[in-house]
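Engineer: Sharing a structure with you now.
The values are calculated or read from the model by the stated rules, or taken from the named source; none is laboratory data. For clarity, every value in this text was computed on a predicted model and none was experimentally measured. Please note: Cβ atoms are built from the backbone with ideal geometry, for glycine as well, and neighbour counts cover all protein chains shown.
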Amino acid sequence: MASVVSIQDLHKTYDTGEVKVHAVRNVSLEIQRGEFLAVMGASGSGKSTMMNMLGCLDRPTTGRYLLDGIDVAQLDRNELADIRNQKLGFVFQGFNLLARTTALENVELPMLYGKQRMTAKEVKTRALHCLDIVGLSNRSDHFPSQLSGGQQQRVAIARALVNQPEMLLADEPTGNLDSRTSAEVMGVFQKLNDQGITIVMVTHELDIAHYCKRNLIMRDGRIVSDVPVSNRLHAETEIRQLAQAESAAKLTD
């Protein structure tokens, strides 16, 4: 299976003027197409810096990073913007939806900045298809304020999918959600991964990491653990159990 990500001896050092901060050091990593990887670690472990470099939002100080066979260190600013738009999809903790535009318009937005020339009908059709994938085609004309937190996050996932990226990068995507809604969102990610989409997710929640297939733990800028997930959680089962627990609690009350 081909690697979407191939990293060799990656380092990231920030020079603050007085001291040098070694945010990421000596990291080598392969992510195969179709993997579902959770990146974990305490604050200051380097996981956010690592995610920024994977997303071509920051450059390594030294080392090599190949994204789908492309050496990103050789790209200029415009080329990096193009590769982010064409090969990567981003999902954030805060949803980052535009408040005055509908769910459909939010999903359409990345296509308007892409190099691929599409008609208005093609843009709408693809956006509606992505909303359908996340189960929200019937909410396409709703504004973010009319959607729950879980629905907003699903719109954000549809937006990340719309340019057909090689890899989805999710940064604490359940951080603002309750347990049941988190399980629903993880169910969307699991279904996407079952369809072959590569997903890398930063999380500090151990239960969320157990929805993934592989867990990577960072400490002091280094990878200290990289293991497949045993006893993996399945979202449909968790949602059913949480619903039963809620029903039992209501009966008790």
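Engineer: Of the conditions (1) out of contact with any Phe, Trp or Tyr (no Cβ under 9 Å at 6 or more places or on another chain); (2) under 28 Å from MET40 (Cβ atoms), ALA127 satisfies every one except a single condition; which number is it?
Structural biologist: The one condition ALA127 does not meet is (2).
Engineer: Looking at the stretch 52-65, can you tell me whether even one residue there is touching a Ser or Thr at 6+ places or on another chain (Cβ under 7 Å), among the polar types (S, T, N, Q) and over 30 Å from LYS191 (Cα atoms)?
Structural biologist: Yes: the stretch 52-65 contains one or more residues that are touching a Ser or Thr at 6+ places or on another chain (Cβ under 7 Å), among the polar types (S, T, N, Q) and over 30 Å from LYS191 (Cα atoms).
Engineer: Related question: I want to confirm something. Restricting to the stretch 1-22 and keeping residues that are of a type in the set (Gly, Ala, Ser) and over 16 Å from LEU216 (Cβ atoms), which single residue is modelled with the highest pLDDT?
Structural biologist: Out of the qualifying residues, it is GLY17.
Engineer: A further question follows. Among the residues of the stretch 179-199, write down those that are over 14 Å from the mean Cα position of the chain (by Cα), in a loop (DSSP other than H, G, I, E, B) and touching a residue at least 24 places away in the same chain (Cβ under 8 Å).
Structural biologist: GLY196 - this is the single residue of the stretch 179-199 that is over 14 Å from the mean Cα position of the chain (by Cα), in a loop (DSSP other than H, G, I, E, B) and touching a residue at least 24 places away in the same chain (Cβ under 8 Å).
Engineer: Determine which member of the set VAL227, VAL202 is within 29 Å of GLN164 (Cβ to Cβ) and either in contact with a strand residue (DSSP E or B) (Cβ under 7 Å, 6 or more places away or on another chain) or among the basic types (Lys, Arg) (or both). Give the steps one after another, and end with the answer.
Structural biologist: On the way: VAL227 fails: within 29 Å of GLN164 (Cβ to Cβ).
Result: VAL202 is the single residue among VAL227, VAL202 that is within 29 Å of GLN164 (Cβ to Cβ) and either in contact with a strand residue (DSSP E or B) (Cβ under 7 Å, 6 or more places away or on another chain) or among the basic types (Lys, Arg) (or both).
Every residue, every condition in (1) without any contact (Cβ under 8 Å) to a residue 60 or more places away in the chain; (2) within 21 Å of MET186 (Cα to Cα); (3) touching a helix residue (DSSP H, G or I) at 6+ places or on another chain (Cβ under 7 Å), yes or no:
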site: ALA120; (1), (2), (3): yes, no, no
site: VAL123; (1), (2), (3): yes, no, yes
site: ASP132; (1), (2), (3): yes, yes, no
site: HIS142; (1), (2), (3): yes, no, yes
site: SER145; (1), (2), (3): yes, no, no
site: GLY149; (1), (2), (3): yes, yes, yes
site: GLN152; (1), (2), (3): yes, yes, yes
site: VAL155; (1), (2), (3): no, yes, yes
site: ALA158; (1), (2), (3): yes, yes, yes
